[in-house]
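The values are calculated or read from the model by the stated rules, or taken from the named source; none is laboratory data. What you see is a predicted model, and the numbers here were worked out from it, not measured in a lab. Cβ atoms come from the backbone with ideal geometry, glycine included; neighbour counts cover every protein chain shown.
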Amino acid sequence: MMNQDHVLHASQDDEMESLVLHDDNGNGNGNGNDSSGNIQQPSQSPKSPFNSFLDPPSYAEAIFTSFDSNGHDQTLEQSSRSGTGSGSGSESDCMQISVSDPQEEQELTNSLVPGGSSYHTYLITTRTGKSEVGVRRRFREVVTLSERLSEAYRGYVIPVRPEKSSVERKVMQKEEFVEQRRVALEKYLRKLVSHPVIGKSEELRLFLEVQGKLPLMRTTDVASRMLDGAVRLPRQLFGSESVAVDLNDVTQPARSGRDLLRIFKELKQSVTNDWGAAKPLVVEEDREFMDKKDKLMEFEQQLSNVSQQAESLVKFQQDMGETMGELGLAFVKLTKFESEEAEFESQRVRAADMRNVATAAVKASRLYRELNTQTIKHLDKLHEYLGTMLAINNAFSDRSSALLTVQTLSSELASLHSRIEKLEVAASRIFGGDKTRMRKIEELKEAVRVTESAKICADREYERIKENNRSELERIDKERQSDFQNMLRGFVVNQAGYAEKMAAVWEKLAEETSTYSSNNS
Amino acid sequence: MNSSRSSSGASLSPRSPSSSQPFLSVSVSDPVKLGNGVQAYISYRVITKTNFPEYQGPEKIVIRRYSDFVWLRDRLFEKYKGIFIPPIPEKSAVEKFRFSAEFIEMRRQALDVFVNRIASHHELRQSEDLRTFLQAEEETMERLRSHETGIFKKPSDLMQIFKDVQSKVSDVVLGKEKPVEESDAEYEKLKRYIFELENHLAEAQKHAYRLVKRHRELGQSLSDFGKAVKLLGASEGNALGKAFSELGMKSEILSVKLQKEAQELLMSFEEPLKDYVRAVQSIKATIAERANAFRRQCELAETMKLKEINLDKLMLIRSDKVAEAEREYHELKAESEQATKTFETIVKLMNEEIGRFQEQKTLDMGIAFHEFAKGQARLANGIADAWRSLLPKLEACSSSQ
């Protein structure tokens, strides 16, 4: 919604507008000739008589210099987004991504039905310093990339990928949808690249540089994991398998394809936790975290509110501009009419007056439209941060699931220990020992050793994720402060600048009609 | 609503023309709501200051209501055919809007302009009905008002005349009907001009009204935006939070400015445009009167010819009905001459009026445009100042990071 650039309607209205604007020799407003709504060169001529009415510095000038022709705020780009490692941000470290040239390709299927479904691929170009690499990717591969990153970089605040949005796809025109997706992909990849850790990741590098389909990595082989889990389940249930577990696997969250037994256990654990039967491990730290989480939720709520109101504001600014334009056109028609039909000098005078009104109204209308285009770009930051909040929530759930793993292993250990204890007590009563029970105790002790190692891994992982959370929040907080400050400043400068320009337009009209003022009789 | 009847000076709106020596100056002020429920209405205080000998004294104050003004207009329309009678504001249909402060003030202003235009028109100011309106006791006015409604044309009747004239003129233009109309090319041009002008003006007025609405909407939106931003600032805390709060407060201030300007726009720009439309409609009514007068003149001329032929026939056969026929003929001749005179007066007056009308409208519109420009400039400068004043505070917030 806020991401779309404001599209102007080039219609015969523009013809009529040019009737009043072309003749204007005074404050030569170059914007009148361009109907695309892009910012032109600074149009306030230095000889304009109205500069003297404005306090220096006039923000009317400022707004035109802070944006390059792409409409990107250069100051924003340079406010060190290239991460902590790149120091002074040397040219060679800066990666520039662009997504372009969507092409339709046919799905290769083995089905006998001719004319299979089609999909689009996009050319992703990465420019680093002097070198340039381009690959073709389809959206499905982007989804895969985002899933891999989520698995590999738990605890980090990873930018959220564009949606699959099947509803929009059905409703929109194909070209429109493809263009929307192209823009979204570009934004997403740029965000990934500017993340201090993700931007340097191997997964991203492969995605951006390697031609052809991405190689499958171990962790993405969902099917085989499912098989593993299903095969192991019966043996685990009967307790006969010695649990030779890949420690790394332990620390991964239990997924639908993985260890089914583990899922059951963790589910049981989370239920236990919720019912408060088991004490949460580390209370104080959790509280600080919970406070922070609450605060962030509150912030998200307010942000969402402001974002909504901002959208309304933009809409009403747009309406104002449109109506002003229509008023101007009505006066253009009146001017034409009175000029053609004039029988009296008073009519000619009135026609001239109306022409001035029309000119002012049309100019003001264009200013409103420009103002709006800029406002959208500024306030879009709000929308962007709502996306960031989503990513933060994902990072938080990484933490929660890591904690759950730790707690599950803890209580697993606890139950193993108590079983051992019971067996030992029972075995000690039998004179000479109990062969079966002794064997069982040995097995359980082995299980305890494995589980303890696993728990050490899980603890480490949890700590790691907590630290990721913390450093990411710190980083984001700082960025947010500066982003929002820039946004506020940009928004205010914008509003002030355009208000000044509009004041100039109306002051001119007031001067042109000053003969009618009540001060003169 | 102001119920104190202090003798404040005449609050002449910018469009009321001043009258010359000898002078007749009128003001309409102090609207007061009287009566209850459905019967409720607004009464106005009308103050007349004059040195005309026909008037009772140098100053007179009376209480009048809207329908009294309507009566005056109807009487003038009847008596002064050919003259463009100044228009009065419409009767508002929307019930709940009827007593809003803005509506009452707008109507008061329009009525003030109406009476003053009459008072400064060289012919209309001599009107006896005007004198009655400005001086008669309330009971007299009430009697006149209720007495006359049956006889003279009501606004709904005028509406019908407009429609008839409109269809007849367009018929003539399209060549549909055999004209019992004038074949004056200049006049045809004028009629076409008037009808087209109304369309153009109505469109401009429509957009002006919408512009007022847009101001109100944008104002409301800024207020909502400001509130939301303030809440965000509160949850943010630190220096940035303060910056947000300041932004929110400025938004709310600007919201107020926009609402104020909306009202200004309504009164000094949209209303004059509406007034212009009404004036054009009044001219259309005069056009209808002229058409009636012309038709009457033609009819009488026709009838007279027939009577003449008949008379000659009777004289030839030396009938004893000759005397009566002769008498009838002479009566008819007098009537016909009167009708011709009426028609020619209308034509003469209209020719004078049209020039005066164009001049008046250029002046009225010029003032309206000037006020429009001033208002918009005032608003834009207010907005620029407000946002500019925020910038140093923003710098302060960022420097404390």
Residues (under 17 Å from the mean Cα position of the chain (by Cα) and more than 7 Å from chain A (Cβ to nearest Cβ)) located in the stretch B:202-225
B:202, B:205, B:206, B:209
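Please state which one of B:288, B:325, B:396 is surrounded by fewer than 18 Cβ atoms within 10 Å (Cβ to Cβ) and more than 30 Å from residue A:358 (Cα to Cα). Give the derivation first.
Values: B:288 fails: surrounded by fewer than 18 Cβ atoms within 10 Å (Cβ to Cβ); B:325 fails: surrounded by fewer than 18 Cβ atoms within 10 Å (Cβ to Cβ).
Step by step, each of B:288, B:325, B:396 is checked, and only B:396 is surrounded by fewer than 18 Cβ atoms within 10 Å (Cβ to Cβ) and more than 30 Å from residue A:358 (Cα to Cα).
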Within the stretch A:481-498, take every residue that is at the interface with another protein chain (Cβ under 7 Å from one of its Cβ atoms) and under 20 Å from the mean Cα position of the chain (by Cα) and give me the one that is surrounded by the fewest Cβ atoms within 10 Å (Cβ to Cβ).
A:481
Please go through the stretch A:283-302 and pick out each residue that is of a type in the set (Val, Ile, Thr) and within 13 Å of chain B (Cβ to nearest Cβ).
none
When the stretch B:26-60 is examined, which residues are found to be in contact (Cβ under 8 Å) with a residue 40 or more places away in the chain and hydroxyl-bearing (Ser, Thr, Tyr)?
B:27, B:29, B:44, B:48, B:55
Which residues, taken from the stretch A:303-325, are within 7 Å of chain B (Cβ to nearest Cβ) and surrounded by fewer than 20 Cβ atoms within 10 Å (Cβ to Cβ)?
A:305, A:312, A:319
Residue B:380 vs (1) in contact (Cβ under 8 Å) with a residue 40 or more places away in the chain; (2) within 14 Å of chain A (Cβ to nearest Cβ): all pass except (1)
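Out of the residues in the stretch B:188-201 that are under 21 Å from residue B:292 (Cβ atoms) and free of Cβ contacts under 8 Å to residues at least 40 places away in the same chain, state the one that is nearest to the other protein chains (Cβ to nearest Cβ). Reasoning before the result, please.
Of the stretch B:188-201, the ones under 21 Å from residue B:292 (Cβ atoms) are B:188-195, B:198.
Adding the requirement that they be free of Cβ contacts under 8 Å to residues at least 40 places away in the same chain leaves B:188-189, B:192-193.
Values: B:188: 13, B:189: 8, B:192: 9, B:193: 5 Å.
Only one residue tops the list, namely B:193.
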Residues that are facing chain A (nearest Cβ under 7 Å) and either within 22 Å of residue A:494 (Cα to Cα) or modelled with pLDDT of 90 or more (or both), drawn from the stretch B:226-251:
B:228, B:229, B:231, B:232, B:240, B:243, B:247
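Considering only residues that are within 20 Å of residue B:265 (Cα to Cα) and hydrophobic (A, V, I, L, M, F, W, C), which ones fall in the stretch B:102-123?
First pass over the stretch B:102-123, keeping only residues within 20 Å of residue B:265 (Cα to Cα): B:102-113.
If the condition is that a residue be within 20 Å of residue B:265 (Cα to Cα) and hydrophobic (A, V, I, L, M, F, W, C), then B:103, B:104, B:106, B:110, B:111, B:113 are the ones that fit.
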Failed item, numbered, when residue B:384 is tested on (1) closer than 30 Å to residue B:90 by Cβ; (2) at pLDDT 95 or above
(1)
Among the listed residues A:501, A:466, A:478, which satisfies the condition of being modelled with pLDDT of 90 or more, closer than 30 Å to residue A:324 by Cβ and more than 7 Å from chain B (Cβ to nearest Cβ)?
A:501
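Evaluate the following for residue B:342: is it of a type outside the set (Phe, Trp, Tyr), at pLDDT below 95, in contact with a Leu (Cβ under 9 Å, 6 or more places away or on another chain) and over 30 Å from residue A:480 (Cβ atoms)?
Working: of a type outside the set (Phe, Trp, Tyr): yes; at pLDDT below 95: yes; in contact with a Leu (Cβ under 9 Å, 6 or more places away or on another chain): no; over 30 Å from residue A:480 (Cβ atoms): yes.
Against the criterion (of a type outside the set (Phe, Trp, Tyr), at pLDDT below 95, in contact with a Leu (Cβ under 9 Å, 6 or more places away or on another chain) and over 30 Å from residue A:480 (Cβ atoms)), residue B:342 does not qualify.
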Among (1) more than 8 Å from chain A (Cβ to nearest Cβ); (2) under 30 Å from residue B:80 (Cα atoms); (3) crowded, with 18+ Cβ neighbours inside 10 Å, residue B:366 falls short only on (1)
Run residue B:326 past the list (1) more than 14 Å from chain A (Cβ to nearest Cβ); (2) touching a residue at least 60 places away in the same chain (Cβ under 8 Å) and report the number of the one that doesn't hold.
(2)
Output for the stretch A:151-182, where each listed residue is small (Gly, Ala, Ser), surrounded by fewer than 17 Cβ atoms within 10 Å (Cβ to Cβ) and touching a residue at least 24 places away in the same chain (Cβ under 8 Å)
A:152
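Residues to consider are B:373, B:339; find the one that is surrounded by 19 or more Cβ atoms within 10 Å (Cβ to Cβ), more than 8 Å from chain A (Cβ to nearest Cβ) and within 33 Å of the chain's Cα centre (by Cα). It would help to see each step written out before you state the result.
Numbers: B:373 fails: more than 8 Å from chain A (Cβ to nearest Cβ).
Going through B:373, B:339 in turn, the sole match is B:339.
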If a residue must be buried (at least 22 other Cβ atoms within 10 Å of the Cβ) and either basic (Lys, Arg) or in contact (Cβ under 8 Å) with a residue 60 or more places away in the chain (or both), how many such residues does the stretch B:237-249 contain?
3
